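J.: The structure follows.
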Amino acid sequence: MIFQDSIVALSSGRLPSGIAIIRISGPQTRFVLETIIGFVPAPRQARYTSLRRADHSLLDRGIVLFFPGPNSFTGEDSAELHVHGGRAVVQAVIDALTDLDGLRLAEPGEFTRRAFLNGKVDLVEAESLADLVTAETEAQRRFAMLNAEGRQSGLYLEWRRRLIHARAMIEAEMDFADESDIPGSVSATIWPDIRFMVEEIKSHIEGFHRAEMIRDGFDIVILGAPNAGKSSLLNALARREVAIVTDEPGTTRDLVEIVLDLEGMKVRLTDTAGIRETTGKVEAIGIGRALGRAASADLILYLEDLSQSEPLPDLPEDRPMLRIGTKCDLAGEPAAEGKGNYDLIVSTTTGMGMDELIQIIIARSSGAIGDMGDILPTRHRHTRLLAETIEHMEACLALPSDMLELRSENLRLASDRLGRISGAVDTEDLLDVIFSQFCIGK
């Protein structure tokens, strides 16, 4: 696809910085280079030179690279200007560029969108590039990198290829049943594979929560009675003062969330209001939010103050849970004697049990995510389209064996849904939604 206009944007990080990278892409790229540096550099060879406005006044001195299409990220002529990373320098260069005819500021995700429309990446790979840019932990980086290399796309394209092959065999049987090289019936080879593929896709969809944990974090909620040490534990794990800690019950009224990076894993830790019977409206709302948050947690840390003897409140029974005795430094010998009632005994004052708790959290989060090499769906739109794929495949299998035309149509609809995931079949509205979520300059 050939675009009439060219685009420009800052593609490096926040300013000021040591170096700023300004990216240009489009049919005016050569003209832009000839205007601001006086020549077009040899492809992929860095040139240190002066950058000037159209009136020849000096903007900056920096490194220029030229990438002729189609062998560039976007598939069209592209260039990078590596200039000093001061805000005034970058703004002056971008202003000078956008003053040129046919060159405008890029919209969010427009470079990647052009790469998609020019066949350089598919939609799944484009989404993985966005994940790579926003990755905060090693696990997120590895997961995004695997998908950016095309493993996820390859799986969906293989399923689509098998569906198209099945349709071809069905239609060949309908149209050329008398030909010797066409099997008399496809049922012996096609239908078992379709049934097997349904189970494959269902198993793949079940892995979505694992992908969510990698992208959004392993979700841990801290529950307990008022003054059980929830906020103190949150602060100890964060190694900073995140939540207010006082002796007054009910200090925490709302959810307080932090994000930790534990050995490359993203962990979301949420402090909650103390669970107890109350007549206060505000505190009741906080307790309701606490229980609601715990209902979807990947792990609950249930805390009980060992220096007190209050009974345990009712807790969610269907969520993974660690029962933790706290304030063991205040409880004395009874704490050691009662250790068997708890998964762990801790003190945020002395540090007792804290290292062990962190190791348990790391082990639980790593176990929940499983093998990082597995191919998992990474977006809700993937799981939705995969579910629709299954619906059409199961509708196909439910039809009588002699209704080959309807069976073939259902397989066509199933392959269409798979094609929408990678962008082989798509609509402009979907592209607008996907690429609007990218940062400018990507």
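The values are calculated or read from the model by the stated rules, or taken from the named source; none is laboratory data. Note that the structure is predicted; figures quoted are calculated from it, not measured. Note that we place each Cβ from the backbone using ideal geometry, even for glycine, and neighbour counts take in every protein chain shown. Only protein heavy atoms, including side chains, enter the accessible area calculation; ligands, DNA and RNA are left aside. Shrake-Rupley method; radii C 1.70, N 1.55, O 1.52, S 1.80 Å.
J.: How much accessible area does THR326 have with a 1.4 Å probe, in Å² rounded to the nearest 10?
T.: 10 Å²
J.: Quick one: accessible surface of TYR302, probe radius 1.4 Å, all protein chains present, in square angstrom to the nearest 10.
T.: 10 Å²
J.: For GLN4 and SER296 in one chain, what is 0.36 nm times their gap in residues minus the Cα-Cα distance, to one decimal in nm?
T.: Full extension from GLN4 to SER296 adds 100.2 nm.
J.: Arrange the residues ARG239, ARG160 by how much accessible surface each exposes, largest first, with a 1.4 angstrom probe.
T.: The ranking, largest first, comes out as ARG239, ARG160.
J.: Size of the dipole of region 67-217 about the Cα centre, Lys and Arg at +1 and Asp and Glu at -1 on the beta carbon, nothing else charged, in debye to 20?
T.: 480 debye
J.: What's the local net charge at LEU397, with K and R +1, D and E -1, over the other residues with C-beta under 10 Å away?
T.: Charge balance near LEU397 sits at +1.
J.: To continue, here is another question. Hey, if we sort CYS439, CYS396 by accessible area with the 1.4 Å probe, largest down, what's the order?
T.: CYS439, CYS396
J.: Got the relative contact order for region 1-124 handy, in percent, Cα pairs under 8 Å and 6 or more residues apart?
T.: That works out to 29 percent.
J.: Please work out the C-alpha center-to-center distance from region 19-54 to region 152-175 and express it in whole Å.
T.: 46 Å
J.: I would also like to ask the following. Give me the net charge for the shell around ASP5: Cβ to Cβ below 12 angstrom, other residues only, Lys and Arg +1, Asp and Glu -1.
T.: That sum, taken over residues with Cβ under 12 Å, equals -2.
J.: Another question about this same structure. In whole percent, what relative contact order does region 96-165 give with Cα contacts below 8 Å and a gap of six or more residues?
T.: Across region 96-165, relative contact order equals 22 percent.
J.: Another question about this same structure. Determine the gain in length on full extension of the stretch ASP216-ARG142; use 0.36 nm per residue of separation and subtract their C-alpha separation, reporting nm with one decimal.
T.: 25.2 nm
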